[in-house]
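J.: Here it is: the structure, laid out below.
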Amino acid sequence: MAYVALYRQWRPQDFDNLIGQEPISTTLKNAINTGKIAHAYLFAGPRGTGKTSTAKILAKTLNCAEGPTDTPCNRCANCERINAGTSMDVFEIDAASNRGIDEIRDLREAVKFAPVDARYKVYIIDEVHMLTTEAFNALLKTLEEPPAHVVFVLATTEPHKIPATIHSRCQRYDFRRIAVSEIERRLNDVAQKSELDVTAEALHMIAVHADGSMRDALSILDQCTTVSDGAVVADAVRNLLGLVGHDWVWKLTDAVADRDAAAVMLLLDEIIALGKDVRQILLEVALHGRSLMLYKAVPDFKGAAMYSEDKDVLAKQSSKFTYDEIVGMIQAVQLAANEAKWAAEPRITLEMAMLALCRRTGSEGFEALAERVKTLEMAVLARSTLVEALPVKTQNVSKVQSPQSLRRKPETVNDKPAIEKPDVTLGVSSDGKPEEIWEAVLKDLIASGKRSVHACLAQGRIAILNDSQVTVEFASLFAKERSEKEDYCNIIEKILARILGRQIRLHCVLATAQPVISTKASGPAAPGGEDNKVHPAVEAAIKIFGGRAIKEEKNGEE
């Protein structure tokens, strides 16, 4: 007799042996026992999770000689024919190769005829998402109102590709990935009943690599038994699957933690020389990073299977990284794995990713970012406090017209520059002293949460206040220029209007002394001579800022 693969030998024959899909098994059993059998089912889920097996079990429960029953006997003629695939009333159709409208038209004609031997005709359409749009449209009416003796079971790994009109005509059941522990338990049962010598570590490795697919796990186990003459051990499974192995991944992680780029390059060279795939290296580093992340976040967490189960290794290596560094490492490695899939030379992608991890480039954790923000805030606060403590003169400051005011009031050009008399109005028209008003403005900014505006204004003092304008003298050029900007200026003017009860315009000046111009020459000069002539640059400064040029006196001499 020809050899039968393990996944075919150990296909579940009833709902009780369906591994990992207990909610679906329970629902279908209750539907059969209560007679609430739907005319169409949609089974969606990853490969190898039991969709087709469940469809065949459903066909047996409906057509068993002892049924309909939730526990088919698997001994009657109908059950044996379904198991052997020779039943005239159970049709398993591959939609990938029968995807056209002609095949669906033939199916529509065939469903009209009564079953040959059984109670129900069951149509199992595998990979139903492969049907064409025309084929789906042709199936709609039949799927919605089939004859009473017909049940459709549609199976797919990509339910999002199925039209909504098909979805609405079916009862949908979502098959989940099977847990590692459940796969491992099933593999151990199969190994014992098949008299296979397999170590527990090898079974665990197979279960993890199967990625939730029972069929893949049984296929790997079947392949391992042909490679090894004796017991199937972890090394044999690792070599067969091309896995890198924990030891190599742990060494790489230690080198990355120590930022030892030379050690990383030597390790990569040795691993690749052993014939390991570049993407496999990156994927296993990512899996180990996941184990470190979970251990770092919740050391006692046992709800997920980890690539690395050794608690001592996880504790030692996770202490060398911050949580954000581990997350950044996983993201960088996964990105490199995607790029390596299409790269002309994947090894370069691997080396770039690992060297970048050694340098910790391109990522800054939330903890480091928060620390930087805190440092900057303290520096700004300290600077504001220091400037506020500096004495600032607030009397007899000449009123300086801004460029806007100059444009509004053009000056008459004379032979001599016009000098505007300083406005020395220091009193307040109605609402108290300038110091009290300024303190109220600063308190209002703090109360409204505008701390950045407060930091600038804290470096200024009211120099001139009249009915329509307030002139603020600043000790810092930056504070003056920032306060003059439209956004800050509007905020300040609104607060002043609220405090004083009238609209008032803000004018900012820098705290500077009157210019003192030295006109002393090396020798005596006649009045009106070259020594008394004002420099053109000084004339331009007087036009802009006001004031006058005076001689510098020293030792009683002019």
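The values are calculated or read from the model by the stated rules, or taken from the named source; none is laboratory data. The structure displayed is predicted, hence computed values, not measured ones. Positions of Cβ are backbone-derived with ideal geometry, glycine not excepted, and every protein chain shown enters the neighbour counts.
J.: Return yes when Thr61 is touching a Pro at 6+ places or on another chain (Cβ under 7 Å), at pLDDT 90 or above and either under 23 Å from Pro147 (Cα atoms) or surrounded by 18 or more Cβ atoms within 10 Å (Cβ to Cβ) (or both) and no when it is not.
T.: yes
J.: Can Val128 be described as modelled with pLDDT of 90 or more and either crowded, with 18+ Cβ neighbours inside 10 Å or assigned by TED's automatic domain parsing to the domain that holds Arg11 (or both)?
T.: Working: modelled with pLDDT of 90 or more: yes; either crowded, with 18+ Cβ neighbours inside 10 Å or assigned by TED's automatic domain parsing to the domain that holds Arg11 (or both): yes.
It is true that Val128 is modelled with pLDDT of 90 or more and either crowded, with 18+ Cβ neighbours inside 10 Å or assigned by TED's automatic domain parsing to the domain that holds Arg11 (or both).
J.: While we're looking at this one, here's another question. Please give the number of the condition Ser168 fails out of (1) over 35 Å from the mean Cα position of the chain (by Cα); (2) surrounded by fewer than 22 Cβ atoms within 10 Å (Cβ to Cβ); (3) at pLDDT 90 or above.
T.: (1)
J.: Among the residues of the range 26-52, which ones are free of Cβ contacts under 8 Å to residues at least 12 places away in the same chain and either closer than 21 Å to Leu196 by Cβ or within 41 Å of the chain's Cα centre (by Cα) (or both)?
T.: Result: Thr26, single match.
J.: Out of all the residues in the range 261-281, which are assigned to a loop (DSSP other than H, G, I, E, B), surrounded by fewer than 18 Cβ atoms within 10 Å (Cβ to Cβ) and in contact (Cβ under 8 Å) with a residue 12 or more places away in the chain? Lay out the reasoning, then the answer.
T.: Here is the first cut: in the range 261-281, the residues assigned to a loop (DSSP other than H, G, I, E, B) are 274-277.
The next check asks that each one be surrounded by fewer than 18 Cβ atoms within 10 Å (Cβ to Cβ); those that pass are 274-275, 277.
Selection gives Gly275, Asp277.
J.: I would also like to ask the following. For Thr27, indicate whether it is in the same structural domain as Ala155 (by TED's automatic domain parsing), touching a helix residue (DSSP H, G or I) at 6+ places or on another chain (Cβ under 7 Å) and closer than 29 Å to Leu140 by Cβ.
T.: When the stated conditions are applied, Thr27 does not pass them.
J.: Now a separate question. With Ala2, Ala96, Ala55, Ala38 as the choices, which residue is small (Gly, Ala, Ser), at pLDDT 90 or above and in a loop (DSSP other than H, G, I, E, B)?
T.: Of Ala2, Ala96, Ala55, Ala38, the one residue that is small (Gly, Ala, Ser), at pLDDT 90 or above and in a loop (DSSP other than H, G, I, E, B) is Ala38.
J.: Give all pairs with beta carbons closer than 9 Å in which a residue from the range 156-182 that is free of Cβ contacts under 8 Å to residues at least 24 places away in the same chain meets a residue that is charged (D, E, K, R); count only pairs at least 6 apart in sequence or on separate chains.
T.: From residues that are free of Cβ contacts under 8 Å to residues at least 24 places away in the same chain, the pairs are Ser168/Glu144.
J.: So Glu284 clears everything in (1) free of Cβ contacts under 8 Å to residues at least 60 places away in the same chain; (2) charged (D, E, K, R); (3) not assigned by TED's automatic domain parsing to the domain that holds Ile326 except one condition, right? Which one?
T.: (3) is the only condition that Glu284 fails.
J.: Related question: Being without any contact (Cβ under 8 Å) to a residue 60 or more places away in the chain and not in a helix (DSSP H, G or I) is the filter; apply it to the range 321-355 and report the residue that is farthest from Gly289 (Cα to Cα). Spell out how you get there, then give the answer.
T.: Just the residues of the range 321-355 that are without any contact (Cβ under 8 Å) to a residue 60 or more places away in the chain, to begin with: 322-328, 330-339, 342-345, 348, 352.
Remaining after also requiring not in a helix (DSSP H, G or I): 322, 343-345.
Numbers: Thr322: 12, Ala343: 23, Ala344: 26, Glu345: 24 Å.
Selected residue: Ala344.
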